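Bear in mind these aren't lab numbers, they're just calculated from the coordinates by the rules spelled out. What you are looking at is a predicted structure, and each value in this text was computed from that prediction instead of being measured. Glycine also receives a Cβ, built like all others from the backbone with ideal geometry; neighbour counts cover every protein chain displayed.
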Amino acid sequence: MATADTNPKPAMRLDLKVMGPILALVVLVVIGALMNGNFLSAGNITNVLSRSAFIGIIAVGMTFVITAGGLDLSVGSMAAFIAGLMILVMNGLLPVMGVGWPLVFVGMLTAIVAGTAAGFINGFLITNMRIEAFIVTLGTMGIYRSLVTWLADGGTLSLDFGMRAIIRPIYFDGILGISWPIIVFALVAILGEVVMRRGAFGRHAAAVGSNDQVARYSSVNVNRVRMMTYVGLGVLVGVATIMYVPRLGSASSSTGVLWELEAIAAVIIGGTMLKGGFGRVWGTVIGVLILSLIGNILNLTDGVSPYLNGAVQGVIIILAVILQRDKKAEG
Amino acid sequence: MKLTHSFGAFALAATLALPAFAQDTKVIGVSIPAATHGWAGGMNFHAQQAVDRLEAVYPGLDFVLATASDPAKQVNDIEDMMATRNIDALVVLPFESEPLTSPVKAVADSGAWVTVVDRGLAIEGIEDLYVAGDNSGFGKVSGEYMVSAMPDGGKIVAFRGIPTSIDNERVAGFEAAIEGSGIEIIGMEHGNWNRDDSFVVMEDFLSKHGQIDAVWASDDDMAIGVLAAIEAAGRDDIKFVLGGAGMKEMIARTRDGDAMIPANVTYPPAMIATAIEMTAVGLTSTAPVSGTFVIGSVLITQDNAAEFYYPDSPF
């Protein structure tokens, strides 16, 4: 450990950095399979992957924001607000449009437009007004959370019962036994990985996060790249909300609480650097799965007091990051 | 009631000290947790309703309503009420018992009337009036219903709320009521009074247990998550889900004879209104209102569900 600071064996160190999250995931899967026979059943795997989709879709967007040196604390509240808005719009247009798929598409459009706008507002305040991302998104986090509480009059916004029957398949059905949230999550992740690895945008985001001055001299439009990461995240929050609303058909002030921290934790577990400059979308996907599996395994097994669930999660998050820590960063 | 008797002297002192206040106006501060879940939303609604009604009825009363999203904010709210509004009475539903005890004690020490609602303070004897929900009674009524609905016993899973003394009392009451009845709790997890959390926990319970006879969801928000998970899994071994707190959508389903939701147990969020009303009565009349007022938990079945349906409430 003490001699790891020099050149020898860079290949092996790189290996562990890459393998860390995968290793943690494999260990969790093995533990889960040993603890409960139903862990690897198709039903349980579908459950875990479907419920991971909300955080997962958001976390892919968060990977780009963090890679570009930013942060977004507002995504959980934003999701709650968009979910509330989507329900209100669909309920409001119900008498005009009637129950059916056209209304569902209007709801989806609402979510995407609202997500884009919310992302743009964050991005505008951060890039044009030059306010710290942490402060801007802390502010918008409170604003969206309050707005959804206000829209719901302190209670719960519920989708019309007839509409709920129409929209329900978006969460519960799918193609060939694979549910829609899993398919969308997979598509978003693949697209994100391609953009991060192969696209100019991914390189620009990493350059901006690494050193924005150098990026600027290299004729990267720093503000535009930053703005696009926030807008992209906003759109993905909208997509996640489209998957979320069909599940229970309701939104309240308790919707999406702490999603932002779960998304950020997943990104960091996956190997993206919190200070920016390097991002790994596939790692984020692994991070999301690790977080979901911990909760799943704790529910499937007895023995750990439910009071300690948070502690178990904390230990595993820290272990997963220790496995891949950058020795050079120790100073 | 001390305040009422020394009203003249007090009003004079108040007039001298704070000329901005009309001499015959008394201020009641109401400090409650923000609407972070369904029950709290209902409680906020009823608090606002009570304040609106009483301000119209009693011209001599002025109300300050503050909602707090965490205990620290609530402490600040109460300190601000003391410092800037010079409140004559405080109606408080403490976010948590421990952190709120000394700030509320400071209010009581200043001579103001203190009404505590639902959650007791850590030290007894601070408040003049305690309007309490009956949490162990809530668990007991729920447990007794389970026993009557499952005379031959069976396997159930139970959902707990956010880890608090309220939750502990409910679970203890429930466990005592089902003891020896042949009902076995095969799984118990925290659903945090949250639909999404309960949905996820119920999905996992369904994976884990091949046979579940009934669910004690202990709260209607959690019951909604539980029902969605059961429906999605297509399981028909679960005969019913018992929620609690009397959310209007669930009351309506019980009233309409939904077999999955045959009953409900009240824990009325409107107890905040009881507390505000009684405090107003105490400040404006000679009727004694000090002491403890326990609002019992009542079993709702299809027969009496219509009486508990409040269409205007958000909860």
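The Rg/Rh ratio for chain B, using Cα coordinates for both the radius of gyration and the Kirkwood hydrodynamic radius, is 1.05.
For the peptide A:147-157, the mean number of other protein chain Cβ atoms found within 10 angstrom of a residue's Cβ is 6. Computed from label points 7 Å out along Cα-Cβ, the spacing between residue B:301 and residue B:152 is 2.0 nm. Counting, for every residue in B:30-42, the Cβ atoms of other protein chains within 10 Å of its Cβ and taking the mean gives 4. Residues in segment A:241-250 carry Karplus couplings, in order, of 5, 4, 6, 6, 4, x, 5, 10, x, 8 Hz; the curve used is 6.51 cos²θ - 1.76 cosθ + 1.60 with θ = phi - 60°, and Gly or Pro positions show x.
The convex hull around the C-alpha trace of segment A:53-281, projected and averaged over every direction, spans 12.3 square nanometres. In the structure shown, do any of B:208/B:248; B:26/B:105; B:26/B:248 have a Cα-Cα gap over 25 Å, and if so which? Over 25 Å Cα-Cα: B:208/B:248; B:26/B:248. Can you list the aspartates and glutamates whose alpha carbon sits under 16 Å from that of residue B:239, skipping same-chain ones fewer than 8 residues off? The reachable aspartates and glutamates, counting only those whose Cα sits under 16 Å from residue B:239, are B:152, B:184, B:213, B:231, B:258. For chain B, a simple Cβ point-charge model (Lys and Arg +1, Asp and Glu -1, everything else neutral) yields a dipole of about 520 debye relative to the Cα centre. Under the convention that each Lys and Arg Cβ holds +1 and each Asp and Glu Cβ holds -1, the size of the dipole of the protein assembly as shown around its Cα centre is about 3000 debye. When the charge dipole of chain A is built from unit charges on Cβ atoms (+1 for Lys and Arg, -1 for Asp and Glu) and taken about the Cα centre, the candidate among A:253, A:67, A:305 whose Cα reaches farthest toward its positive end is A:67. Here the simple spin-label model places points 7 Å from the Cα toward Cβ, and for residue B:24 and residue B:76 these points are separated by 3.8 nm.
Backbone amide hydrogens, once placed in the peptide plane, bring residue B:63 within less than 5 Å of B:28, excluding anything fewer than 5 places away on its chain. Summarising the amide proton neighbourhood of residue B:113: residues at separation of 5 or more, or on other chains, whose placed amide H is nearer than 5 Å comprise B:89, B:90.
Looking only at other chains, what is the average number of their beta-carbon atoms within 10 angstrom of each beta-carbon in B:191-197? Display every interim value, and only then the final one.
On the way: counts 0, 2, 1, 4, 9, 11, 3.
Mean partner-chain Cβ count within 10 Å for B:191-197: 4.
Within the listed set B:222, B:43, B:82, the residue fluctuating most in the Gaussian network model of chain B (springs between alpha-carbon atoms under 10 angstrom) is B:82. For residue A:126, neighbours were defined as the other residues whose beta-carbon sits under 10 Å from its Cβ, and their charges (Lys and Arg +1, Asp and Glu -1) total 0.
Expressed as a whole percent, how much of the Cα-Cα distance distribution for the protein assembly as shown exceeds 43 Å? Could the numbers behind the result be given before it?
On the way: 62776 of 208335 pairs.
Across the protein assembly as shown, Cα pairs with separations above 43 Å total 30 percent.
So which helices of chain B fit the span-like rule, where a helix is a whole DSSP H run, its Cα atoms reach 18 Å or more along the axis, and its mean Kyte-Doolittle is at least 0.5? Within chain B the helices that satisfy the rule are B:220-233, B:271-284. A simple spin-label model places pseudo-atoms 7 Å from Cα toward Cβ; at residue A:304 and residue B:292 they are separated by 3.9 nm.
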